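Here is the structure we will look at.
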Amino acid sequence: MTAIEQPLIKTIYDLFDLVRTRPKLYLGNNGITLTALMAFVIGYESACFYNGIKIDEGTPPYWHFVNWIPHRLFGESNTLPWDIMEDQFGQSVAFSTFFEMLDEFRSLQACLLSSIQPSSQHQLTGKILIHQGNPEDGLHRPVPSNITIVSYPNVLVCFISYEYADRPLYETIEHSLIEALEFVNTDINIEISEWNFTEMGSDRIKMENSN
């Protein structure tokens, strides 16, 4: 008997690619919908978590995709883009549109807009509570060692990343570069003049200030 070769799933994108090849096998004959797809993915991720199996977000990060797609399709943020897609497009079109958007996003590269390495002079203001799993962490978290703000073509939403030497990366989003800078300033008192802007970042600031 010939052994069946098991698919290699290293990233969440590998899982989507697997389902795309044979959707009826993984989602059922009557379940080829975004709702069924997301239920399958969440179930797979949960099984990996409870069995100590790591599945990576992939590149660009899948979390970015989840927040990018509602802006790309509807020009706004939404925590449940899959429901809106099915309501707007219908189940069949929403399913195919999801994979079209997934392919588009995977072809993109994040554009660095601005970055800064906070100094010892920068201190948390206490105005924003950030925690990663333990609410008490937000009370005594350190100042990040590096902060970056990136965006993607075709959308205005910006992704803020706090990098730490001894704890996981923290990320959040804002609707514009100016709002992203204001978020960090509220949290750590970093003025706009202190940031290192790329050429694209400088152009974005000018564009947003002119609107």
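For the range 136-151, the condition of being open to solvent by less than 10 Å² (accessible area, probe 1.4 Å), among the hydroxyl-bearing types (Ser, Thr, Tyr) and at pLDDT 95 or above holds for at least one residue. Test Ile178 against the criterion of being over 21 Å from the mean Cα position of the chain (by Cα), surrounded by 16 or more Cβ atoms within 10 Å (Cβ to Cβ) and free of Cβ contacts under 8 Å to residues at least 60 places away in the same chain, and give yes or no. In short, no. For Gln123, the conditions (1) more than 21 Å from Asn78 (Cα to Cα); (2) in contact with a Ser or Thr (Cβ under 6 Å, 6 or more places away or on another chain) are fulfilled apart from (2). Could you check, for the range 51-60, whether at least one of its residues is within 17 Å of Asn154 (Cβ to Cβ) and touching a residue at least 24 places away in the same chain (Cβ under 8 Å)? Scanning the range 51-60, I find at least one residue that is within 17 Å of Asn154 (Cβ to Cβ) and touching a residue at least 24 places away in the same chain (Cβ under 8 Å), so the answer is yes. Any idea which residue in the range 145-167 is nearest to Asn185 (Cα to Cα), counting only those that are out of contact with any Cys (no Cβ under 9 Å at 6 or more places or on another chain) and in contact (Cβ under 8 Å) with a residue 60 or more places away in the chain? So the residue we want is Phe159. Would the range 82-104 turn up any residue that is under 26 Å from Thr198 (Cα atoms) and under 18 Å from the mean Cα position of the chain (by Cα)? Yes, that holds for at least one residue. Ser161 falls short on exactly one of the conditions (1) touching a helix residue (DSSP H, G or I) at 6+ places or on another chain (Cβ under 9 Å); (2) open to solvent by less than 30 Å² (accessible area, probe 1.4 Å), and that condition is (1).
One residue stands out among those in the range 190-209 that are open to solvent by 90 Å² or more (accessible area, probe 1.4 Å) and outside any strand (DSSP E or B): the one that is nearest to Gln123 (Cα to Cα), which is Glu191.
Got at least one residue in the range 111-127 being open to solvent by 40 Å² or more (accessible area, probe 1.4 Å), modelled with pLDDT of 95 or more and in contact with a strand residue (DSSP E or B) (Cβ under 6 Å, 6 or more places away or on another chain)?
yes
The values are calculated or read from the model by the stated rules, or taken from the named source; none is laboratory data. Keep in mind that this is a model prediction, so the values were computed, not measured. No Cβ is skipped: glycine too gets one built from the backbone with ideal geometry, and neighbour counts run over all protein chains shown. Just the protein is used for accessible areas: all its heavy atoms, side chains included, with ligands, DNA and RNA removed. Shrake-Rupley method; radii C 1.70, N 1.55, O 1.52, S 1.80 Å.
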